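In what follows, a structure is listed as C-alpha cells, so that the remarks can point back to it.
A short reminder: the numbers here are calculations on the coordinates, not readings from a lab. Just so it is clear, the model here is predicted, and its values are computed rather than measured. Note: ideal-geometry Cβ built from the backbone for every residue, glycine included; neighbour counts use all protein chains shown.
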Amino acid sequence: MNKNSIYIFGIVVVVVLGVGGFVWYRQYRQSSSMEGLEVAPTSAPAEVSSGSSSATTEEEVKEFDIVGSNFKFDPQTITVKKGDRVKIIFKSVGGMHDFVLDDFDVSTETLSDGEEETVEFTADTAGAFEYYCSIGNHRAVGMKGGFVVE
Ligand SMILES: [Cu+2]
C-alpha cells in the first residue's frame, strides 16, 4: 500500500519532469530560432523567389527558336518589349539558310541542313522590322518574318 503509493509518486515525478523538460526544451528552441535563425532555410526560398521576380524586371531575356526551311521562317512573327534582351536560336532545315535582321546588325552564318546558331542582341528600338534569309532569292519568294518591338 505505502510502497505502491511511493511507486506511483515516482512515476508522477518522472512524467512531470519529462513533460516539463520537453516543454522547456521546445520553448528554448523556438526562442533561439526566433532570435538567431532569421536567415534560416524557411525564409531563404522566399528571398530566392522575390529575387528572381525582381531580376525579370531588370532585364528579361526572351528566347525564340526559329526554324528556317524552303522558303519560310517558323514562327513568322516574334514580338518583344523595348529593352528586352533577345536570344534567337536559328535552325536551318532542308537547305541552306541564314537569319538576318539588319536593323539590329544581327546575322548568322549560312547554315546548312540541321545546323543551328544562336544570336543575341538588345531590342533597343521600338517598331516593326523584318528579318529574312539572304541566300539566293529566298527573301523574294517569302522567306522573311516580322520582328516587332513594342
Ligand atoms: Cu533561305
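Report, for the stretch 60-149, the % of DSSP beta bridges that are antiparallel, rounded to 5.
Working: 20 of 32 bridges.
So the antiparallel bridges amount to about 60 percent of the total.
So if we plug the beta-carbon distance of Lys62 and Arg139 into 1/(1 + (r/R0)^6) with R0 = 30 Å, what FRET efficiency do we get, rounded to 0.05?
My answer for the efficiency is 0.80.
Pulled fully out, how much extra length does the chain show between Ala128 and Asp103, if you take 0.36 nm times their separation in residues and subtract their Cα-Cα distance?
The span from Ala128 to Asp103 would gain 8.0 nm if fully extended.
Please sort by residue number the GluC sites (Glu not before Pro) in the stretch 88-118 whose DSSP state is loop and whose Cβ has at most 13 other Cβ atoms within 10 Å.
Qualifying residues, ordered by number: Glu109.
What is the Cα radius of gyration of the stretch 60-149 over 2.2 N^0.38 Å, N being its residue count?
Cα-based Rg divided by the globular estimate yields 0.99.
Pop a pseudo-label 7 angstrom from the Cα along the beta-carbon direction at both Gln76 and Asp113 and give the gap in nm to one decimal.
2.5
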